[in-house]
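The values are calculated or read from the model by the stated rules, or taken from the named source; none is laboratory data. Everything numeric in this text was worked out from a predicted model, so none of it was measured. Note: ideal-geometry Cβ built from the backbone for every residue, glycine included; neighbour counts use all protein chains shown.
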């Protein structure tokens with residue numbers, strides 16, 4: 001792979017991670033007004049509309065009749081997994097603080113690497129076991145001050161954990177499908193079908209009347225989340241075409257640190273909008289361990 005492609009891939013990856021790290025902080029603010037299905041429907045619908053305009057502008061055009069039955073099957077699977085990822089994430093975020101939800105999404109690279117072994121025949125390096133062990137130890141430290149809540153069985157944290165696992169698994173599934181489809185179809189076309197199909201599927205579950213409850217600040221935040229959703233997934237798709245999965249996973253591992261830093265700083269700058277998360281020193285150490293473990297696992301995948 002050419003050096004220019006790698007540099008461009010790293011730039012796209014950094015853009016994706018920065019946006020993904022900031023999104024949960026903004027989305028958490030909206031969940032008090034919009035339910036997860038309605039909020040997801042808004043993000044998918046407007047993003048699909050923007051992608052449709054790109055199609056009409058001549059970018060990523062594809063002849064619908066040239067898409068075979070098997071490819072439509074992959075597209076349907078991508079639509080379901082992407083929509084499930086969005087819904088699971090907001091359901092988990094409804095029970096968890098942004099930093100906690102984002103740290104738990106580091107299970108995604110684990111599922112992605114395991115999927116890479118099963119689908120693309122990648123080898124599993126012993127270094128990855130060490131990385132995954134460090135990741136799990138980091139998760140244990142991150143939640144060190146919330147064990148009584150976790151053990152209670154009916155707390156928000158105990159409900160958020162399985163939802164986060166479902167979010168991570170569905171994201172890894174979508175990433176593998178996206179990589180498979182990029183061999184046959186333009187990126188914008190794949191995203192358009194997945195976003196539009198997901199929006200159509202969520203319409204019966206959405207409560208569109210809730211949108212009337214948004215004030216000017218709420219509408220601005222909603223607009224930002226939609227714009228960030230579009231840009232982040234275009235960057236993500238561009239990254240997959242320029243970087244190996246292992247390299248992208250290393251960069252993606254930094255996402256929780258961006259969320260943690262953003263949560264702490266935004267809560268101090270705008271206390272009326274964002275709540276300060278209960279993170280102690282061990283929690284911060286745990287977050288760094290999770291990131292390090294995830295990156296180490298990804299680096300191990302790059303060794304043959």
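Worth a mention:
- Among the residues of segment 207-219, those that are more than 25 Å from residue 234 (Cα to Cα) and either in a loop (DSSP other than H, G, I, E, B) or free of Cβ contacts under 8 Å to residues at least 40 places away in the same chain (or both) comprise 207, 209, 212, 214, 215, 216.
- Residue in segment 163-182 that is touching a helix residue (DSSP H, G or I) at 6+ places or on another chain (Cβ under 8 Å), over 27 Å from residue 39 (Cβ atoms) and not in a helix (DSSP H, G or I) present: yes
- Criterion violated by residue 127 - all others in (1) touching a helix residue (DSSP H, G or I) at 6+ places or on another chain (Cβ under 6 Å); (2) surrounded by fewer than 19 Cβ atoms within 10 Å (Cβ to Cβ); (3) at pLDDT 85 or above satisfied: (3)
- Just so you know, in segment 250-293 the residues that are modelled with pLDDT under 80 and closer than 17 Å to residue 141 by Cβ include one that is farthest from the chain's Cα centre (by Cα), and it is 278.
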